[in-house]
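Student: If you scroll down you'll find the structure; I have some questions about it.
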Amino acid sequence: MSRYRHRRTLLWLLVPYLLFVVAIPFVNRIDPVVLGLPFLFVWVLIGVLVSPAAIWLASRGDPLFAANEPEATDVD
Amino acid sequence: MSTDATVAVAIFAVGMVGTIALGILAVRGRDTDLAEWSVGSRTFGVLLTWVLLAGENYTSFSYLGASGWAYGYGAPILYLVGYMATGYCMVYLFCPMIWGYAKRHGLISVSDIIAHRFRSPAFGALVAIVATIALLPYIQLQIQGMGLVVSAISYGHIGLKTAFVIGFVVTVGFVLISGLRGSAWVSVLKDALVILTILFLALYLPLHLFGGYGELFSRIRETKAQWLTLPGHDSPGLGVGWFMSTCVLNAVTFTVFPSFVAGYLGSKDANTIRRNSAFLPMYSLLLLVPMMLGLAALFVVPKLETSDLALLTMVTRELPGWLVGLVGVAGALSAIVPMAVFMLCIGTMWGKSVLGLGRDDPARTKRMSQLVVFVSGLVALAGALALPNALVRLSVLSYEGIAQLVPAVVGGLLWRRMTTAGALAGIVVGEAIVVPLALGGHDPLLGINAGLIGLLANVLVNVAVSRAWPAADAGGGRFRRSAEVRHEPAGTLQ
């Protein structure tokens with residue numbers, strides 16, 4: 001797994017998991033209603049907008065992105 | 001025929017002829033060798049990779065099933081945008097690595113990657129067969145989806161079965177000749193039409209029918225509140241646990257889903273895939289529209305017999321013929337593009353991994369692949385015409401069945417000590433858990449996606465077997481160059 005060490009910005013990739021897995025039990029509700037939308041739908045909308053940003057942030061500061069190289073494999 | 005119907009059918013006909021022409025012209029002036037036909041010579045930039053991968057996510061299911069689920073169940077359909085977000089994280093992490101491995105060794109499909117990694121053409125052939133069983137129902141679903149779209153937008157003037165045949169002819173018409181590049185260019189047309197029509201519907205319909213989204217949702221809150229949270233209205237156990245486990249399972253499945261792999265193997269470099277993994281989750285915004293409109297249909301066309309027609313029934317009732325025609329072309333292309341890539345993908349897997357058993361004769365492989373493309377389309381068409389439900393029942397298995405290939409493909413490349421026996425044992429145990437649960441109606445099991453349960457068992461068995469019976473010299477000379485391996489006899493799978 002050495003090809004994933006020293007790439008700390010990859011931690012941003014946890015954000016979509018927090019939004020769509022970890023948080024789901026807490027956001028599965030109708031209230032509070034925001035701009036007429038029930039809360040679960042608001043949460044999903046936020047998630048859809050935030051996730052691409054998180055993945056983009058992961059690529060900033062990723063040395064393999066800067067080098068445009070694929071990860072090496074453990075076997076050939 | 002009414003004026004609206006005539007206009008809609010005429011626009012649809014022009015769209016289909018244009019599609020075949022665009023698909024065929026896409027490869028004008030290029031070599032038509034195996035690498036070009038199967039993976040576009042690995043030259044696609046961000047745009048073509050984007051439309052190909054988006055085509056995988058935005059199929060005719062988005063028009064039919066997404067609005068149909070929203071209409072029938074409500075909130076559970078949101079899983080579709082959830083797993084897309086988590087899925088693209090996995091794409092960022094693992095797909096450039098798989099792409100790099102395939103490029104170094106000239107591999108063109110998942111089965112080809114497995115055959116090479118485990119030095120076992122027989123293992124590759126087995127994977128090709130498993131993947132085909134998973135993909136065929138999807139082709140049939142798309143043909144049937146196309147039938148529903150076309151008969152709806154022609155106001156019933158084009159019959160279901162005629163529409164099935166049109167879908168088959170148009171798809172085969174370009175994919176045999178122009179392969180992945182043709183599919184990508186047809187995707188460009190498809191995406192342009194989908195984005196335009198969906199944005200229009202998103203803005204126009206709720207405003208026209210309810211006065212806005214706030215009004216729509218306040219009506220749902222008053223009378224249909226069950227639809228607004230998990231597990232939704234009358235759903236088969238699609239609760240919070242199912243939502244969470246499905247967002248985890250489907251995300252890892254993205255990386256190896258055979259037709260998705262075909263899409264990203266065509267990329268020209270690693271960053272094309274990484275950039276797309278940031279752009280593509282935004283496409284989910286478009287997926288939210290048919291879901292909202294499915295909810296709107298609860299009030300506009302209540303008591304539909306086929307919930308899948310929730311969106312299209314509203315469209316034909318509320319919009320002029322020319323717009324219905326455009327929606328029809330967009331919906332039909334949303335069936336044709338994934339169908340083309342599914343068929344291409346089955347063709348390339350069989351041509352090289354099953355019928356060729358790893359033999360290195362690209363010209364012959366391509367001819368075999370084209371034959372299999374045609375046959376697989378024919379099988380799906382026959383299924384749609386004769387047994388509309390039998391094959392489709394298998395589609396509940398597709399994602400969860402394909403998920404069992406993740407440890408062998410992704411894990412196999414990350415962990416050199418994984419043995420053929422370990423990978424194979426893992427897949428067998430995983431499928432043995434998933435298949436009976438899914439076909440027996442026990443999925444989700446105790447609120448958890450059955451595919452995830454299978455995947456966990458799969459990984460445990462894989463690691464245990466690989467460690468208990470390690471390959472003799474796993475650390476050193478076991479891995480040779482691809483050129484040498486091709487001369488090995490078939491059947492190293494023991």
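The values are calculated or read from the model by the stated rules, or taken from the named source; none is laboratory data. All values reported here derive from a predicted model rather than from experimental measurement. Every residue, glycine among them, receives a Cβ derived from its backbone with ideal geometry; neighbour counts consider all protein chains shown.
Student: I'd like the full set of residues that are away from chain A (no Cβ under 12 Å) and buried (at least 21 other Cβ atoms within 10 Å of the Cβ), limited to the range B:290-313.
Tutor: If the condition is that a residue be away from chain A (no Cβ under 12 Å) and buried (at least 21 other Cβ atoms within 10 Å of the Cβ), then B:290, B:293, B:294, B:296, B:297, B:298, B:308, B:309, B:310, B:311, B:312 are the ones that fit.
Student: Sticking with this one: Restricting the search to the range B:268-277, which residues are closer than 18 Å to residue B:55 by Cβ and either among the polar types (S, T, N, Q) or at the interface with chain A (Cβ under 7 Å from one of its Cβ atoms) (or both)?
Tutor: Matches in the range B:268-277: B:272, B:276, B:277.
Student: If you check B:126, B:53, B:93, which single one turns out to be buried (at least 24 other Cβ atoms within 10 Å of the Cβ) and assigned to a helix (DSSP H, G or I)?
Tutor: Only one candidate passes the filter, namely B:53.
Student: May I pose another question? Could you pull out the residue among A:40, A:64, A:35 that is more than 15 Å from the chain's Cα centre (by Cα), farther than 21 Å from residue B:251 by Cβ and not β-branched (Val, Ile, Thr)?
Tutor: Being more than 15 Å from the chain's Cα centre (by Cα), farther than 21 Å from residue B:251 by Cβ and not β-branched (Val, Ile, Thr) holds for just one of A:40, A:64, A:35, which is A:35.
Student: For residue B:282, are the conditions met, namely being within 12 Å of chain A (Cβ to nearest Cβ), closer than 25 Å to residue A:24 by Cα and either aromatic (Phe, Trp, Tyr) or out of contact with any Phe, Trp or Tyr (no Cβ under 9 Å at 6 or more places or on another chain) (or both)?
Tutor: yes
Student: Please specify each residue of the range B:97-123 satisfying the condition of being facing chain A (nearest Cβ under 8 Å) and over 22 Å from residue B:34 (Cα atoms).
Tutor: B:97
Every residue, every condition in (1) in contact (Cβ under 8 Å) with a residue 60 or more places away in the chain; (2) under 25 Å from residue B:202 (Cβ atoms); (3) of a type in the set (D, E, K, R), yes or no:
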| site | (1), (2), (3) |
| --- | --- |
| B:33 | yes, no, yes |
| B:37 | yes, no, no |
| B:43 | yes, no, no |
| B:49 | yes, no, no |
| B:53 | yes, yes, no |
| B:56 | yes, yes, yes |
| B:59 | yes, yes, no |
| B:68 | yes, yes, no |
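Student: If residue A:22 satisfies all but one of (1) at pLDDT 90 or above; (2) surrounded by 14 or more Cβ atoms within 10 Å (Cβ to Cβ), what's the number of the condition it fails?
Tutor: (2)
Student: Report those helices (runs of 4 or more DSSP H) wholly inside the range B:305-406 carrying at least 1 residues which are over 24 Å from residue B:198 (Cα atoms).
Tutor: B:321-349, B:362-386, B:390-393, B:395-403
Student: Could you grab me the full set of residues in the range B:58-87 that are of a type outside the set (Gly, Ala, Ser), away from every other protein chain (no Cβ under 13 Å) and in a helix (DSSP H, G or I)?
Tutor: B:61, B:63, B:69, B:71
Student: Now for a different question. For the range B:267-279, which residues satisfy the criterion of being over 12 Å from residue B:94 (Cβ atoms) and either among the hydroxyl-bearing types (Ser, Thr, Tyr) or assigned to a helix (DSSP H, G or I) (or both)?
Tutor: Listed by number, the residues that qualify are B:267, B:271, B:272, B:275, B:276, B:278, B:279.
Student: Does the range B:236-251 hold any residues that are buried (at least 24 other Cβ atoms within 10 Å of the Cβ) and of a type in the set (Val, Ile, Thr), and which are they?
Tutor: Correct list: B:246 only.
Student: Go through the range B:27-47 and report how many residues are part of a helix (DSSP H, G or I) and either over 21 Å from the mean Cα position of the chain (by Cα) or modelled with pLDDT of 85 or more (or both).
Tutor: Total satisfying the criteria: 5.
Student: Any idea which of B:167, B:145, B:241 is touching a strand residue (DSSP E or B) at 6+ places or on another chain (Cβ under 6 Å) and modelled with pLDDT of 85 or more?
Tutor: B:241
Student: For the range A:20-69, which positions are within 7 Å of another protein chain (Cβ to nearest Cβ) and either touching a Cys at 6+ places or on another chain (Cβ under 9 Å) or among the small types (Gly, Ala, Ser) (or both)?
Tutor: A:20, A:21, A:24, A:36, A:47, A:51, A:55, A:58, A:59
Student: Of everything in the range B:230-257, what is of a type in the set (Gly, Ala, Ser) and over 23 Å from residue B:440 (Cβ atoms)? Give them in sequence order.
Tutor: Of everything in the range B:230-257, just one residue is of a type in the set (Gly, Ala, Ser) and over 23 Å from residue B:440 (Cβ atoms), namely B:251.
Student: Let me ask another. Checking the conditions here, which among B:108, B:20, B:24, B:11 is touching a residue at least 24 places away in the same chain (Cβ under 8 Å) and buried (at least 22 other Cβ atoms within 10 Å of the Cβ)?
Tutor: Exactly one of B:108, B:20, B:24, B:11 is touching a residue at least 24 places away in the same chain (Cβ under 8 Å) and buried (at least 22 other Cβ atoms within 10 Å of the Cβ), namely B:108.
Student: Can you name the residue in the range B:208-266 that is within 10 Å of chain A (Cβ to nearest Cβ) and not in a helix (DSSP H, G or I) and is also farthest from residue B:398 (Cα to Cα) among such residues?
Tutor: B:212
Student: Just to check your reading of the model, which residue among B:384, B:432, B:421 is of a type outside the set (Val, Ile, Thr) and without any contact (Cβ under 8 Å) to a residue 40 or more places away in the chain?
Tutor: Testing whether each residue is of a type outside the set (Val, Ile, Thr) and without any contact (Cβ under 8 Å) to a residue 40 or more places away in the chain leaves just B:432.
Student: Say whether the condition of being β-branched (Val, Ile, Thr) and surrounded by 21 or more Cβ atoms within 10 Å (Cβ to Cβ) is met by at least one residue in the range B:360-371.
Tutor: Yes.
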